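The values are calculated or read from the model by the stated rules, or taken from the named source; none is laboratory data. All figures in this text were calculated on a predicted structure; none of them were measured in a lab. Glycine also receives a Cβ, built like all others from the backbone with ideal geometry; neighbour counts cover every protein chain displayed.
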Amino acid sequence: MKEMHLPGEPVGSDDSHKSSQHEDQAAQCQPLPMQRSSPPDDYRQADSMANSIGYIYGTYGSHPAFFWTTETSLFSPDEGKKGLFFVWNTTQPEDGKPPVPFDYWREALDTLHGEETGAIVLTDEYFSNYMPQSHFDGSYNYGVLDIDEVGYTYAHHLPSGAWYVPGINPGFSAWRIGYDAVVDTPRRDGQTYIDRLERMFAVGIEPQMVVVTSFNEWHEGTQIEPAQSGATAPNGYEYLDYGDLGPDGYLKLTREWVDRFLTYEWPE
């Protein structure tokens, strides 16, 4: 499966069969057996995860934009329909409390994997023995900061059958909301975005998909949508434009790299 995604929207596939497969799955989506009537609690709690995912399926699963897959993983070997979920900070699901054991999630994930409508659930951790004990289906990373020495090389340590989903970020700048300046990762007129893509290819391991880490939270500096030059926030902060790239420069870069990804021949 070759797919490169913006958040929530598939932008390509390696052949027409797989593109149409996703469209068919979305079009045929019916009310699902694993439904819950209450809205999600904290989805980062093992005992509420099934409820949260069931609520999402029942509320949004029939929408044509909802992502479904029949791909398998080491803990989801069947080819039934599954949603895809990314869970952040799984080793410390409760802020301010100690980290949880690696097997904290196992029972909840085994339950999800056994449902008629299963789930592919990814963690942001990549310790070599984490997935065998936790039963997450694979690992993703939010992006790569300048201070990050691991980058995408964690893919070499994932167990066979685990999903590898690298996150590509155009930069990161969250000092305005209290983050330490050490994590600041300037955009460099698009070169940071290109660098992450090049590093992902250099790892030499084919991902199940690539995600572009982007959202219109301008205070974190991950946006790639067209930018209005000179816009000013109520507190007087002037939002930066994309310089020589132009307003739609990141969208053009994304299109170029999507095309490269979908035709790339990965080493055996």
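Take the conditions out of contact with any strand residue (DSSP E or B) (no Cβ under 9 Å at 6 or more places or on another chain), surrounded by fewer than 15 Cβ atoms within 10 Å (Cβ to Cβ), on the phi > 0 side of the Ramachandran plot and modelled with pLDDT of 95 or more and apply them to GLY204. Does it pass? Before the answer, list the steps.
Details: out of contact with any strand residue (DSSP E or B) (no Cβ under 9 Å at 6 or more places or on another chain): yes; surrounded by fewer than 15 Cβ atoms within 10 Å (Cβ to Cβ): yes; on the phi > 0 side of the Ramachandran plot: yes; modelled with pLDDT of 95 or more: yes.
It is true that GLY204 is out of contact with any strand residue (DSSP E or B) (no Cβ under 9 Å at 6 or more places or on another chain), surrounded by fewer than 15 Cβ atoms within 10 Å (Cβ to Cβ), on the phi > 0 side of the Ramachandran plot and modelled with pLDDT of 95 or more.
For ILE205, the criteria (1) under 27 Å from ALA181 (Cα atoms); (2) aliphatic (A, V, I, L, M); (3) outside any helix (DSSP H, G or I) hold in every case but one, which is (1).
Selection of segment 176-200 for residues being surrounded by fewer than 18 Cβ atoms within 10 Å (Cβ to Cβ) and either among the charged types (D, E, K, R) or farther than 18 Å from TYR142 by Cβ (or both) yields ARG176, ASP180, ALA181, ASP184, ARG188, ASP189, GLN191, ILE194, ASP195, GLU198, ARG199. When you look at TYR57, is it over 20 Å from GLY167 (Cα atoms) and either in contact with a strand residue (DSSP E or B) (Cβ under 7 Å, 6 or more places away or on another chain) or part of a strand (DSSP E or B) (or both), yes or no? Yes; evaluated as a whole, the condition is true for this residue.
Of all residues in segment 207-220 being touching a residue at least 40 places away in the same chain (Cβ under 8 Å) and either at positive phi or out of contact with any Pro (no Cβ under 9 Å at 6 or more places or on another chain) (or both), which is surrounded by the fewest Cβ atoms within 10 Å (Cβ to Cβ)? Once the filter is applied, the top-ranked residue is HIS219. Here is the figure for segment 82-135: residues that are assigned to a helix (DSSP H, G or I) and not aliphatic (A, V, I, L, M) total 14. Candidates in segment 51-72 are the residues that are in contact (Cβ under 8 Å) with a residue 60 or more places away in the chain and among the β-branched types (Val, Ile, Thr); of these, the one that is farthest from HIS135 (Cα to Cα) is THR69.
Looking at this structure, is ASP78 of a type in the set (D, E, K, R), at pLDDT 95 or above and under 21 Å from LEU158 (Cβ atoms)? Even if it seems obvious, please write down each step before you answer.
Numbers: of a type in the set (D, E, K, R): yes; at pLDDT 95 or above: no; under 21 Å from LEU158 (Cβ atoms): yes.
Criteria not met by ASP78.
Condition check: touching a Leu at 6+ places or on another chain (Cβ under 7 Å), more than 15 Å from PHE136 (Cβ to Cβ) and not assigned by TED's automatic domain parsing to the domain that holds VAL211. Does THR59 satisfy that? Against the criterion (touching a Leu at 6+ places or on another chain (Cβ under 7 Å), more than 15 Å from PHE136 (Cβ to Cβ) and not assigned by TED's automatic domain parsing to the domain that holds VAL211), THR59 does not qualify.
Within segment 88-101, residues that are at pLDDT 90 or above reach partners that are among the β-branched types (Val, Ile, Thr) with beta carbons closer than 6 Å, at six or more positions or on different chains, in the pairs THR90/THR123; PRO99/THR91. The number of residues in segment 131-153 that are among the aromatic types (Phe, Trp, Tyr), modelled with pLDDT of 95 or more and under 16 Å from ARG44 (Cβ atoms) comes to 2. As a summary of the residue check, THR222 satisfies the conditions (1) closer than 30 Å to GLU71 by Cβ; (2) in a helix (DSSP H, G or I) except for the one numbered (2). Candidates are the residues of segment 80-91 that are of a type outside the set (Phe, Trp, Tyr) and under 12 Å from THR123 (Cβ atoms); the one that is surrounded by the most Cβ atoms within 10 Å (Cβ to Cβ) is THR90. Taking (1) under 28 Å from GLY143 (Cβ atoms); (2) in a loop (DSSP other than H, G, I, E, B); (3) at pLDDT below 90 in turn, SER48 satisfies each apart from (2).
For SER62, state whether it is part of a loop (DSSP other than H, G, I, E, B) and buried (at least 19 other Cβ atoms within 10 Å of the Cβ). Working first, answer last.
On the way: part of a loop (DSSP other than H, G, I, E, B): yes; buried (at least 19 other Cβ atoms within 10 Å of the Cβ): no.
No.
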